[in-house]
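Novice: Below is a structure I'd like to ask you about.
The values are calculated or read from the model by the stated rules, or taken from the named source; none is laboratory data. The structure displayed is predicted, hence computed values, not measured ones. Neighbour counts are summed over all protein chains in view; Cβ atoms, including those assigned to glycine, are modelled from backbone coordinates with ideal geometry. What goes into the accessible areas is simple: the full protein's heavy atoms, side chains included, and nothing from ligands, DNA or RNA. Shrake-Rupley method; radii C 1.70, N 1.55, O 1.52, S 1.80 Å.
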Amino acid sequence: MPNDIVLEMRGICKAFPGVRALQDVDFTLRRGEIHALMGENGAGKSTLIKTLTGVYQKDSGQIDIEGRRTAFRSPHEAQANGVGTVYQEIMLCPNLSVAENMFIGREKGVFVSWREMNRRAGIILDGLSIPARPTQQLRSCSLAVQQMIAIARAVDMQCKILILDEPTSSLDEDEVQKLFALMRELKERGVGIIFVTHFLDQVYQVSDRITVLRNGELVGEYEAEKLPQVELVSKMMGKELGDVEKLKNLKEAAEDGGTPVFEAESLSSAAGVRPYDFHIQKGEVNGFTGLLGSGRSESVRAIFAADKVTGGNVRINGKRIRIRKPKDAMKRGIGYLPEDRKGDGLIADLSVRENIVLALQTMHGFFRPFSLKKARAFADEYIALLNIKTPSSDTPVHSLSGGNQQKVILARWLLIHPEYLILDEPTRGIDVGTKVEIQRLVLKLASEGVSVTFISSEIEEMLRTCSRLIVMRDRNIVGELSGEDMTQSKIMHTIAGEVTQNA
């Protein structure tokens, strides 16, 4: 093995009952490089990482670290041997302090010096400019800060190999750039970094090489600067990008206007949403945009009464109504896919079938349960419609990939045939192909008369999907854009509060 290679995986195979997750996959990581591991959901990225770190045991193949044959039996063993991992879902304990989360499992001996642990944690937090105190409870931190703490924990382990699995999914742009600066510094120190992300622009900002997987097989390894972005997407999807180009035509077909389906006047909530006015027309796709913490998610939660509504009037199809709780919204034809699919969207221990029929069963009444035959028929119909990759409708939903879990929540709401659908970050943390599928589905629903409010951290995705944008800053609406004003520059200027004639 050449001296600059820190990790070499050859012929890795891994299968689960009914699923071939990896087939003869090769992967090489050099010292002092950032290597992007790319592929759609279900391509095998997470399985390859978990095989490396001892979560799974490979069926065949070999793994060498610094020329030494390796087969870790647990993530703890991998960590002890210099392999640090930060997963997409935050693997921390919200009831413990920030410092305890950073050092849990790493202190030796019976007695712990809390003062020393807090001191060391403070140095790390300050060094990474993370706005958290060592002694504060983790649950009091935002999702973005929790993610940065998880990264700080991994970085402080003096690792040879650092695996970052969707580390930026909960970070705003400033925090992303801080992380990238840290990654570049670690690269200069000789750390090999495996970077998994669905943000293509981020791949090209920091990556030296790119390995692409598709359907559990190796597509190829490429130098980032020699692989155009459009070719990367094509290799990940296994097809040309004609479907992406068709989105514009679908969007234009969906912009019909018409009678407002939902109207809110001076709507506010206990989550700190300041009174705002809002409306959406039949068959329209509009969106709330703004920086992290601007209030976009809290605003749509107020519409669905996911947070307690403290004021305002609501009309549906011109008729004044009261929505006090989510069940009221559901009965009025409103569906809501929340930002946090794990915490608010799915019941992880239930099956795909049970998660899909949940909303319809709630409206039907839990004392009037559907027969198993009928529930399976409902689930199977939408599994086929949305191309949800699952062995069966009885499979536990937690075993599905992130993109397929998102489709399960979509299926739940489509099953009740909503008149108005709210989608908060429906494409976060999922692959390019599934993103396109969801965007096409949104525009198709709009063309059939469904009104959709769409929220995404990716401005380009908002511009591709929405015909009108409500711009937010500090939990206030600061502008509304449509037509020729729907540009990235105009959005940025509106968020910043700048007035320009040439934006």
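Novice: Answer with one residue from A377, G345, S297: the one whose Cα lies farthest towards the positive end of the charge dipole of segment 264-380, charges on Cβ with Lys, Arg +1 and Asp, Glu -1.
Specialist: In segment 264-380, that residue is A377.
Novice: How much area per residue is accessible in the chain when the probe is 1.4 Å and only protein heavy atoms are counted (Å²)?
Specialist: In whole numbers, the chain has 45 Å² accessible per residue.
Novice: Report the Cα-based extents of the chain along its three principal axes, largest first, to the nearest Å.
Specialist: 71, 54, 50
Novice: Structure shown: which of K342/K374; K45/K444; K282/K389; K407/K435; K160/K187 lie over 22 Å apart, alpha-carbon to alpha-carbon? Don't skip to the answer; put the middle values down first.
Specialist: Values: K342/K374 26 Å; K45/K444 30 Å; K282/K389 31 Å; K407/K435 11 Å; K160/K187 10 Å.
Too far apart for the 22 Å limit: K342/K374; K45/K444; K282/K389.
Novice: As a test of reading the structure, rank W114, W413 by solvent-accessible area (1.4 Å probe, protein chains only), most first. Numbers along the way, then the final one.
Specialist: Numbers: W114 135, W413 15 Å².
Heavy-atom accessible area, descending, gives W114, W413.
Novice: Given only helices, namely DSSP H runs of n ≥ 4 each adding -39500 (n - 2.57), what is the per-residue ellipticity at 222 nm of the chain, to the nearest 500 deg cm²/dmol? Don't jump to the answer; show the numbers that get you there.
Specialist: Values: 18 runs with 179 residues, N = 503.
Mean residue ellipticity, 222 nm, calculated: -10500 deg cm²/dmol.
Novice: Hey, another quick one. Ignoring ligands, DNA and RNA, what percent of the 1.4 Å accessible area of segment 1-137 is carbon and sulfur? Walk me through the numbers before you get to the answer.
Specialist: On the way: 3450 of 6880 Å².
Carbon and sulfur together cover 50 percent of it.
Novice: Using a Förster radius of 41 Å, what is the FRET efficiency between S489 and E77 based on their Cβ-Cβ separation? Nearest 0.05, please. Don't skip to the end; give the middle numbers.
Specialist: Numbers: r = 50 Å, r/R0 = 1.23.
E between S489 and E77, to the nearest 0.05, is 0.25.
Novice: Hey, another quick one. If the cut-off is 19 Å between C-alpha atoms, which aspartates and glutamates fall inside it for K178, apart from same-chain ones fewer than 8 positions away?
Specialist: Cross-link targets: E33, D126, D156, D165, E166, E188, D201, D208, E458.
Novice: Follow-up question, since we're still on this one. Kindly express, to the nearest 10 degrees and within the range 0 to 90, the angle between helix 372-385's C-alpha long axis and the longest C-alpha principal axis of the chain.
Specialist: Taking the Cα atoms of the chain, the angle to 372-385 is about 80 degrees.
Novice: Which angle from 0 to 90°, rounded to the nearest 10, does the C-alpha axis of helix 173-188 make with the longest principal axis of the chain?
Specialist: Taking the Cα atoms of the chain, the angle to 173-188 is about 10 degrees.
Novice: In degrees between 0 and 90, to the nearest 10, how far off the longest principal axis of the chain does helix 402-414 point, with axes built from Cα atoms?
Specialist: Rounded to the nearest ten degrees, it is 10.
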